[in-house]
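The values are calculated or read from the model by the stated rules, or taken from the named source; none is laboratory data. For clarity, every value in this text was computed on a predicted model and none was experimentally measured. Cβ: placed from backbone, ideal geometry, glycine included. Neighbour counts: every protein chain shown.
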Amino acid sequence: MKIFLDTANLDQIKEAVSWGIIDGVTTNPTLCSREKENFNDLIKKICDVVPGPVSVECVESHAEEIVKEARKHCEIAENVIVKIPICVEGLKATRRLSDEGIHVNTTLVFSPTQALLAAKAGSRYVSPFVGRLDDISSDGMALVEQLVPIFNNYGFETEIIVASIRHPMHVVEAALMGADIATLPFNSLEKLVKHPLTDRGIERFLDDWEKVKKAMSQKEK
Ligand code: E4P
């Protein structure tokens, strides 16, 4: 499973990329609004450090304008892919852009029919927002469970990005279901590494190693 980082924060991106496990980045207007840098400069810097696709969101509402905006985003760097919210105008734009070879990530997906239409329009990725479904007492991962066989049934190449991840179990379930990608904020990524038994184990090994060193130095005397 590929792991994307869901942030526009350059320091977090540099740190996570240095771990050697990051395959891409997703941004959105909210994440970009938290950074103080000029939008285009920020995206360029992110693209320079990420070894994979960087999703940049379009905010226009008519197909013609979305297409123009998407082409502009793609001029920033070769690894930019455009994020377009699912809607009729978004589908029209997605068809045109994917015919031009521009990769689209269809975002704000909350139902299997939205994902199916995005795939049919040629979208390279669809992003079901599992956490936001959980937030309204729905089952976010149940949507992913439906999308995996739907895409497999028809051989769609569209990849599923499990988005709006809130905790490590979302990642575990996504991996068990065979979702292609999980995109997660930096604090959730850190939680994937941590385990209290590992911390305690390292601590004990270090303590015991001190005893080994002490015994060796006593022997030398
Ligand atoms: C994904 O592409 C989105 O940027 C993101 O996962 C949204 O997450 P949120 O629901 O925590 O804002």
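Residue-wise test of (1) in a strand (DSSP E or B); (2) under 23 Å from residue 110 (Cα atoms).
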| site | (1), (2) |
| --- | --- |
| 153 | no, yes |
| 157 | no, yes |
| 162 | yes, yes |
| 172 | no, yes |
| 191 | no, no |
| 200 | no, no |
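From the residues in the stretch 102-152 that are touching a residue at least 24 places away in the same chain (Cβ under 8 Å) and among the acidic types (Asp, Glu), which one is farthest from the ligand (Cβ to nearest atom)?
145
Take the stretch 27-38 and flag every residue that is more than 16 Å from the chain's Cα centre (by Cα) and within 16 Å of the ligand (Cβ to nearest atom).
Result: 33, 34, 35.
How about the stretch 80-103: which of its residues are part of a loop (DSSP other than H, G, I, E, B) and under 21 Å from residue 23 (Cβ atoms)?
Residues satisfying the conditions are 101, 102, 103.
Is there any pair linking a residue in the stretch 23-38 that is free of Cβ contacts under 8 Å to residues at least 24 places away in the same chain and within 10 Å of residue 7 (Cα to Cα) to one that is within 10 Å of the ligand (Cβ to nearest atom) and not β-branched (Val, Ile, Thr), with Cβ under 7 Å and at least six apart or on different chains, and which?
Pairs that qualify, where the first residue is free of Cβ contacts under 8 Å to residues at least 24 places away in the same chain and within 10 Å of residue 7 (Cα to Cα) and the partner is within 10 Å of the ligand (Cβ to nearest atom) and not β-branched (Val, Ile, Thr): there are none.
In the stretch 1-15, what residues are farther than 20 Å from residue 175 by Cα and touching a residue at least 24 places away in the same chain (Cβ under 8 Å)?
Listed by number, the residues that qualify are 7, 8, 9, 10, 12, 13, 14, 15.
State whether the residues of the stretch 15-26 include one that is at pLDDT 95 or above, within 30 Å of residue 194 (Cα to Cα), within 16 Å of the ligand (Cβ to nearest atom) and in a helix (DSSP H, G or I).
Scanning the stretch 15-26, I find at least one residue that is at pLDDT 95 or above, within 30 Å of residue 194 (Cα to Cα), within 16 Å of the ligand (Cβ to nearest atom) and in a helix (DSSP H, G or I), so the answer is yes.
Of all residues in the stretch 46-83, which are basic (Lys, Arg) and buried (at least 16 other Cβ atoms within 10 Å of the Cβ)?
Result: 83, single match.
Just checking, which of 104, 88, 67 is at pLDDT 95 or above and either closer than 16 Å to residue 28 by Cα or among the small types (Gly, Ala, Ser) (or both)?
On inspection, the qualifying residue turns out to be 104.
In the stretch 170-189, which residue that is more than 15 Å from the ligand (Cβ to nearest atom) and surrounded by fewer than 14 Cβ atoms within 10 Å (Cβ to Cβ) is nearest to residue 125 (Cα to Cα)?
175
Looking at 55, 61, which one is within 16 Å of the ligand (Cβ to nearest atom) and either hydroxyl-bearing (Ser, Thr, Tyr) or part of a loop (DSSP other than H, G, I, E, B) (or both)?
Within the list 55, 61, the selection yields 55.
For the stretch 113-130, which residues satisfy the criterion of being assigned to a helix (DSSP H, G or I) and surrounded by 18 or more Cβ atoms within 10 Å (Cβ to Cβ)?
Result: 114, 115, 116, 117, 118, 119, 130.
Residue under question is residue 18, and the condition is that it be closer than 27 Å to residue 173 by Cα, in contact with a Ser or Thr (Cβ under 8 Å, 6 or more places away or on another chain) and among the hydroxyl-bearing types (Ser, Thr, Tyr); does it hold?
The answer is no for residue 18.
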